[in-house]
Amino acid sequence: MRAWAGSALRERLPLWVQLRCGLEPRTLAALAVVLVVGVILAGHHFWSGRPGMVRAPENVGAAAVVPEASPGTLPAPASSPSASARVVVDVSGKVRRPGVLRLAAGSRVADALRAAGGAKPGADLTGLNRARVLMDGEQVLVGGPAPPASGVGAAAGSGSGAAVGPVSLNAATPEQLDTLPGVGPVLAQHIIDYRGRHGGFRSVDELREVNGIGERRFADLQSLVRP
């Protein structure tokens, strides 16, 4: 049976194979194995070379979307305490629009005059320090007699002109300070300049630091003034 199968296989092979292999059974079997292996390798190569489907990568996570600001929109500046600070002053006398005004902290008398429409023609501004820093709650009198300070009574009946009540060092005008004993226009201006440079008086003891006030004069004024 084996001899017959070998004979049949030799008859089906091409002539050049029969001549090269000498028609020996072992040679024919080895040749058949090589051919089978070659066919398998060729089929595997063809199968692996086919174009396949590629899966799209999954989204790891949604990216945070930052909204873009429109070209005409600017970020709002951070608010600061100093930007919202205000002082309230009463501007009266010979101005075009007298009344209570709200101004930014650090404003000066000149700013209050502008906010009130300016002084009227003929108003005397000689005794008005327009460079002075305004204090909250004070009154700015333009071209008229100085109003009495809060808590200040009438002048003494002897006509000495000395005030009998405490005068506010932070709100008094130069004219009001001039009514204090031993305080003239020059010393009153020194007091105004000091509170403008230091942002006001925090205590009566700071009056000692004003130029022109010694210990004796301070002792005379201590009970007549308040911060």
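The table that follows gives values for the structure above.
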quantity: Pick from region 185-196, criterion in contact (Cβ under 8 Å) with a residue 24 or more places away in the chain and open to solvent by less than 50 Å² (accessible area, probe 1.4 Å), ranking: farthest from residue 139 (Cα to Cα); calculated: 187
quantity: Where residue 182 falls short, out of the listed (1) within 16 Å of residue 138 (Cβ to Cβ); (2) assigned to a loop (DSSP other than H, G, I, E, B); calculated: (1)
quantity: Among (1) under 38 Å from the mean Cα position of the chain (by Cα); (2) in a loop (DSSP other than H, G, I, E, B); (3) of a type outside the set (Val, Ile, Thr) - the single one residue 197 does not satisfy; calculated: (2)
quantity: Output for region 81-130, where each listed residue is in a strand (DSSP E or B) and aliphatic (A, V, I, L, M); calculated: 87, 88, 89, 91, 95, 100, 101, 103, 104, 119
quantity: Among the candidates 124, 90, 111, residue that is open to solvent by 20 Å² or more (accessible area, probe 1.4 Å), of a type in the set (Asp, Glu) and within 22 Å of residue 185 (Cα to Cα); calculated: 124
quantity: Single condition residue 162 does not satisfy, out of (1) over 29 Å from the mean Cα position of the chain (by Cα); (2) surrounded by fewer than 18 Cβ atoms within 10 Å (Cβ to Cβ); (3) modelled with pLDDT of 90 or more; calculated: (3)
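The values are calculated or read from the model by the stated rules, or taken from the named source; none is laboratory data. This one's a predicted model, so the numbers in the text were calculated from it and none came from an experiment. Neighbour counts are summed over all protein chains in view; Cβ atoms, including those assigned to glycine, are modelled from backbone coordinates with ideal geometry. Note: areas computed on protein heavy atoms with side chains; ligands, DNA, RNA excluded. Shrake-Rupley method; radii C 1.70, N 1.55, O 1.52, S 1.80 Å.
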